[in-house]
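The structure under discussion appears below in the form of structure tokens.
The values are calculated or read from the model by the stated rules, or taken from the named source; none is laboratory data. Keep in mind the model is a prediction, meaning the values are calculated, not measured. Cβ: placed from backbone, ideal geometry, glycine included. Neighbour counts: every protein chain shown.
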């Protein structure tokens with residue numbers, strides 16, 4: 001405070017106007033001049049400040065600041081000159097001058113130091129030249145830029161087109177992808193919802209990876225119970241012990257596809273008859289990625305087929321029994337003949353032995369005859385028993401000539417009763433056939449009975465039944481039953497094999513239809529044709545059992 | 001009855017049955033011949049001795065009853081014992097009516113067959129005797145004169161010589177001679193005997 005008071009106190013000095021003797025004209029001259037200088041000096045820093053604010057790019061702008069401060073200080077000294085005309089604050093004016101000095105001296109020094117740099121600044125001419133040069137360069141650049149822009153536009157247009165194409169391709173691909181997804185989804189739903197077939201996927205080692213509704217229905221497992229488990233749990237224990245699951249996958253991977261039929265096991269342990277197809281799945285590099293497995297439950301179909309087979313066998317048995325019933329009387333006669341011989345021989349023996357000197361040779365002969373006749377009667381009875389016995393058909397290797405020979409004694413009664421003479425032409429060393437002996441006997445018996453029946457009305461020519469076996473082509477053989485009877489009515493030839501079709505007053509119309517079905521289940525064929533002469537021939541062909549394995 | 005002079009024929013298509021039957025008949029001392037068919041039997045030359053035919057009903061070609069009919073048509077009156085596999089009553093009735101001795105069902109009791117055979121042979125023997133007697137009577141009858149043949153039925157019809165003489169317009173004495181001739185030629189011992197002979201020969205007067 002003391003210093004401030006000191007500054008503003010006149011301290012006993014006289015105002016400066018005294019020096020000018022208060023002459024108004026001189027005082028005015030100084031006041032006006034110093035005021036104008038101060039005003040000018042105060043305005044310059046403002047202008048400079050404005051300039052450097054606007055031209056931030058001007059180099060050495062700190063120098064302009066220094067100039068501004070220095071000029072401002074100069075303006076302040078001139079204002080102090082005006083002030084001291086009336087107020088004798090020379091200490092203050094001195095300090096203002098000191099501040100001005102402090103601002104101007106470094107400015108001057110720094111200006112000297114700055115000079116080389118300032119001189120290095122281009123001259124306006126050089127600037128002009130450079131500007132012209134730059135303008136040329138700029139023009140060239142502009143041309144180049146224009147050219148480039150043109151190219152860029154072209155390129156851009158091209159890119160736009162390419163991009164549009166690409167967008168179109170991408171859209172198309174997306175559409176395709178979507179369609180594929182939809183199609184896959186539909187396919188997945190289709191597979192998943194199929195109930196009649198178990199459709200599942202396995203990994204290359206046989207573990208379940210997918211499971212559909214049908215699989216759940218047929219096999220009883222839910223998807224979450226079975227996925228990840230090995231598929232051998234669907235097989236029976238016996239099949240697992242025989243390594244069938246592994247063999248099936250092996251076969252599928254080698255052959256591409258493996259189909260199989262057999263018993264399979266459900267979750268609850270019950271069995272079902274299945275048809276299964278395993279298909280190997282490979283990627284584009286032919287690497288095995290797993291298997292698809294489709295299983296169909298054929299239990300019902302198998303049961304139906306077995307029931308049908310049983311019914312067919314039952315029907316064949318019924319027809320056989322009926323045939324035996326029809327010819328029972330004549331068969332009884334056939335058995336009675338050897339029995340008569342047995343009884344008569346036995347009685348003769350008794351009488352011979354009761355005599356005084358029996359002829360033992362005669363007795364021995366009689367006893368031998370008894371044994372022979374008894375054996376023969378027994379053989380006929382066992383043939384009858386075999387024919388009327390109810391058994392499921394069983395196919396064995398057999399010689400068809402033997403079958404013919406076995407049927408002959410059963411029909412000899414009927415042949416005699418109807419005065420039919422029988423001739424046989426049996427091919428020696430006939431190949432064997434695989435068949436059910438009883439059923440084949442039934443067919444031959446039936447054809448012979450029909451032939452006999454067809455000849456009962458014949459009075460003007462011999463009644464001859466010809467039985468002929470032959471080899472056909474080497475791998476087949478035929479049995480023909482030829483009669484000299486009334487022959488076939490042309491309109492009936494096709495119908496005689498129909499069930500319940502009969503031309504006989506007491507016939508059931510089952511014999512021929514059953515005979516044909518028996519021959520067909522043996523892989524053969526049965527048909528009828530008229531003879532060149534009178535009568536008809538019924539003939540069947542059977543495949544020969546391969547000799548190599550026989 | 002001399003059994004050495006009788007014969008059994010056996011017709012059966014079953015050889016074992018033929019052999020057994022032959023053995024059985026031989027065991028009681030009867031000779032037997034066997035045939036496997038009716039035709040073979042018909043073709044064979046049969047000795048003219050009392051015999052019996054054992055015939056199976058069911059035979060190939062010609063059946064037992066067919067053979068019976070053919071034999072009847074050929075006036076071969078051999079007694080037949082039928083054998084059949086099964087008792088067919090209508091057939092047995094027909095066979096018996098047609099003159100069969102017996103109808104046996106196989107297998108039969110040996111005694112039944114042997115009895116039937118004995119019966120058949122006896123029947124044949126008697127038939128043969130009867131046949132021979134009638135043959136003799138016919139020969140005697142043929143030795144009668146036409147007039148004697150006129151007198152014969154009138155005598156056996158019981159007419160007196162006088163009545164016969166009136167009918168024939170001859171003297172009673174002449175009729176008496178004829179009557180004596182008839183009795184002698186026919187070897188009749190009495191009128192009753194002559195009546196039986198007339199019956200056997202089927203001789204009767206034209207009026208009756």
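So here's what we get for this one:
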item	result
Sole residue being within 13 Å of chain A (Cβ to nearest Cβ), touching a strand residue (DSSP E or B) at 6+ places or on another chain (Cβ under 9 Å) and surrounded by fewer than 22 Cβ atoms within 10 Å (Cβ to Cβ), chosen from B:61, B:56	B:61
Residue among B:140, B:181 that alone is closer than 30 Å to residue B:49 by Cβ, assigned to a helix (DSSP H, G or I) and free of Cβ contacts under 8 Å to residues at least 60 places away in the same chain	B:140
Segment B:68-83 - residue that is touching a helix residue (DSSP H, G or I) at 6+ places or on another chain (Cβ under 7 Å) and surrounded by 16 or more Cβ atoms within 10 Å (Cβ to Cβ) and, of those, farthest from the other protein chains (Cβ to nearest Cβ)	B:78
Residues that are part of a helix (DSSP H, G or I) and touching a helix residue (DSSP H, G or I) at 6+ places or on another chain (Cβ under 8 Å), drawn from segment A:351-364	A:351, A:352, A:353, A:362, A:363
Some residue of segment A:374-382 being in contact (Cβ under 8 Å) with a residue 12 or more places away in the chain, facing another protein chain (nearest Cβ under 7 Å) and part of a helix (DSSP H, G or I)	no
Matching residues, segment A:338-361, being within 8 Å of chain B (Cβ to nearest Cβ) and in contact (Cβ under 8 Å) with a residue 24 or more places away in the chain	A:338, A:339, A:341, A:342, A:345
Any hit, segment B:124-147, residues being touching a strand residue (DSSP E or B) at 6+ places or on another chain (Cβ under 7 Å) and closer than 30 Å to residue B:27 by Cα	yes
Hits in segment A:3-30 - residues which are farther than 18 Å from residue A:96 by Cα and either loosely packed, with under 10 Cβ neighbours inside 10 Å or in contact (Cβ under 8 Å) with a residue 40 or more places away in the chain (or both)	A:12, A:14, A:17, A:20, A:21, A:25, A:27, A:30
Flag for residue A:262 being away from chain B (no Cβ under 14 Å), in a strand (DSSP E or B), free of Cβ contacts under 8 Å to residues at least 40 places away in the same chain and under 30 Å from residue A:438 (Cα atoms)	yes
Residue in segment A:316-330 that is surrounded by 13 or more Cβ atoms within 10 Å (Cβ to Cβ), in contact with a helix residue (DSSP H, G or I) (Cβ under 6 Å, 6 or more places away or on another chain), within 14 Å of chain B (Cβ to nearest Cβ) and in a helix (DSSP H, G or I) present	yes
Candidate set from segment A:518-529 (those that are over 42 Å from the mean Cα position of the chain (by Cα) and closer than 15 Å to residue A:438 by Cα); member that is surrounded by the most Cβ atoms within 10 Å (Cβ to Cβ)	A:518
Test result for residue A:42, touching a helix residue (DSSP H, G or I) at 6+ places or on another chain (Cβ under 9 Å), assigned to a helix (DSSP H, G or I) and more than 21 Å from residue A:97 (Cα to Cα)	no
Test for residue A:452: is it under 55 Å from the mean Cα position of the chain (by Cα), in contact (Cβ under 8 Å) with a residue 40 or more places away in the chain and buried (at least 20 other Cβ atoms within 10 Å of the Cβ)	no
Neighbours by Cβ (under 8 Å, 6+ apart or cross-chain): first from segment B:14-30, over 12 Å from residue A:348 (Cβ atoms) and more than 7 Å from every other protein chain (Cβ to nearest Cβ); second assigned to a loop (DSSP other than H, G, I, E, B) and modelled with pLDDT of 90 or more	B:15/B:36; B:18/B:12; B:18/B:36
Residue among A:62, A:86 that alone is surrounded by fewer than 18 Cβ atoms within 10 Å (Cβ to Cβ), under 26 Å from residue A:119 (Cβ atoms) and over 60 Å from the mean Cα position of the chain (by Cα)	A:62
Residue B:34 buried (at least 17 other Cβ atoms within 10 Å of the Cβ), within 17 Å of residue B:82 (Cα to Cα) and away from chain A (no Cβ under 11 Å)	yes
Members of segment B:37-65 that are more than 19 Å from residue B:100 (Cβ to Cβ) and touching a helix residue (DSSP H, G or I) at 6+ places or on another chain (Cβ under 7 Å)	B:49, B:60, B:61
The one condition in (1) over 22 Å from residue A:332 (Cβ atoms); (2) in contact with a helix residue (DSSP H, G or I) (Cβ under 6 Å, 6 or more places away or on another chain); (3) within 11 Å of another protein chain (Cβ to nearest Cβ) that residue B:8 fails to fulfil	(3)
Boolean, residue A:182 is surrounded by fewer than 11 Cβ atoms within 10 Å (Cβ to Cβ), part of a helix (DSSP H, G or I) and on the phi < 0 side of the Ramachandran plot	yes
Search result, residues across segment A:216-232 that are out of contact with any helix residue (DSSP H, G or I) (no Cβ under 8 Å at 6 or more places or on another chain) and either surrounded by 13 or more Cβ atoms within 10 Å (Cβ to Cβ) or outside any helix (DSSP H, G or I) (or both)	A:217, A:218, A:220, A:225, A:227, A:228, A:229
Near pairs, Cβ below 7 angstrom, 6+ apart or cross-chain, from segment B:109-130 (within 14 Å of chain A (Cβ to nearest Cβ)) to any residue that is surrounded by fewer than 22 Cβ atoms within 10 Å (Cβ to Cβ)	B:112/B:104; B:113/B:104; B:114/B:28; B:116/B:104; B:117/B:30
Top-ranked residue of segment A:288-300 - restricted to ones that are surrounded by fewer than 16 Cβ atoms within 10 Å (Cβ to Cβ) and either over 20 Å from residue A:248 (Cβ atoms) or touching a helix residue (DSSP H, G or I) at 6+ places or on another chain (Cβ under 7 Å) (or both), ranked as modelled with the lowest pLDDT	A:300
